[in-house]
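Let me begin by presenting the structure, written as structure tokens, before commenting on it.
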Amino acid sequence: MFYHIKELQYQAKPAHPDPVYAKKLQEVLGGQFGEISVMMQYLFQGFNCRADAKYKDLLYDVGTEEIGHVEMLATMISRLLDNAPADVQEDAYKSNPAIAAVMSGMNPQHAIVSGLGAMASDSEGYPWNAKYIISSGNLLADFRANLNAEAQGRLQVTRLYAMTDDPGVRDMLSFLIARDTYHQNMWYAAIKELEERERDIVVPTTFPRELEKQEVSYDLFNFSRGDESSQGRWAHGEAFDGRGEFRYIPAPIAFASAPHLKPAPMWLHNTVPPMSKC
């Protein structure tokens with residue numbers, strides 16, 4: 001079960017209203033790499049976890065913290081929208097301050113739909129989508145997805161930090177940036193622990209290697225003009241799983257012939273190849 005307390009994890013008080021910035025802030029609330037996404041991703045990974053209790057508990061710890069981050073951002077967005085319509089384009093739109101705010105760049109749904117409140121959507125108003133989250137049951141795969149989510153999220157928050165000079169907004173964002181710093185380190189530690197325990201880095205580690213075409217398991221195919229990619233660590237030396245040697249293939253060959261499909265049944269009314277018309 002969950003238990004809510006009224007206090008925020010960290011303060012969310014802007015120095016002044018800013019409806020345009022509220023629209024921007026929606027990205028790290030309801031965007032692909034926003035707080036709603038990581039909240040749902042971690043919680044569903046926790047709900048579905050069949051592995052060690054410590055991993056399940058970790059997912060619940062962080063997933064529940066992210067609920068608090070959603071609450072902080074929603075509060076900040078609402079406060080950025082406080083009194084905003086009357087302050088925007090007042091001279092030109094005194095008779096209709098709400099329209100003035102909309103015309104100045106405010107998300108119109110903040111006035112029309114949510115009544116000056118946050119929404120579960122991104123900065124363009126696109127609704128949050130459950131397809132954003134990953135919960136596969138394989139913790140090594142999932143934790144790598146979590147590390148990426150934290151990296152993308154921290155990147156976006158730092159960009160938003162540069163887009164405002166409001167000290168209150170920056171104060172809250174600095175807290176979120178710091179938490180993302182920990183979460184990136186945390187997921188990296190969990191990934192390394194699983195890699196060491198499973199003695200492999202390739203997911204899934206339980207699939208028998210003899211069932212894959214091992215002759216191409218460590219090859220980089222040069223499928224673009226130029227050979228600059230041959231200079232990377234990924235093209236030479238021992239592979240990081242310790243089971244093969246990287247190779248650079250400058251002129252890849254085709255392993256199969258060109259495919260030729262049979263004509264579709266006539267009742268599907270597909271375009272018929274010329275030889276099939278007679």
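The numbers here are math on the coordinates, done by the rules we state, and not lab data. Since the structure is predicted, the reported quantities are computational estimates derived from the model, not experimental observations. Cβ: placed from backbone, ideal geometry, glycine included. Neighbour counts: every protein chain shown.
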Computed FRET efficiency, Cβ-Cβ of R197 and D241, R0 25 Å: what is it to the nearest 0.05?
0.95
Rounded to the nearest 0.05, FRET efficiency between Q231 and A178 (Cβ-Cβ, R0 35 Å) equals 0.45
What nm value, rounded to one decimal, do you get for the distance between R50 and N83 when each label is placed 7 Å out toward the C-beta?
5.7
So T271 and I249, fully extended at 0.36 nm per residue minus their Cα-Cα distance, gain in nm 4.0 nm
Name all residues of segment 1-41 having a backbone nitrogen under 17 Å from the label point set 7 Å from the Cα of D57 along its Cα→Cβ direction, giving them as ranges.
1
Tell me which chymotrypsin sites (Phe, Trp or Tyr not before Pro) from segment 206-238 have a DSSP coil assignment and no more than 14 other beta carbons within 10 Å of their own.
F223
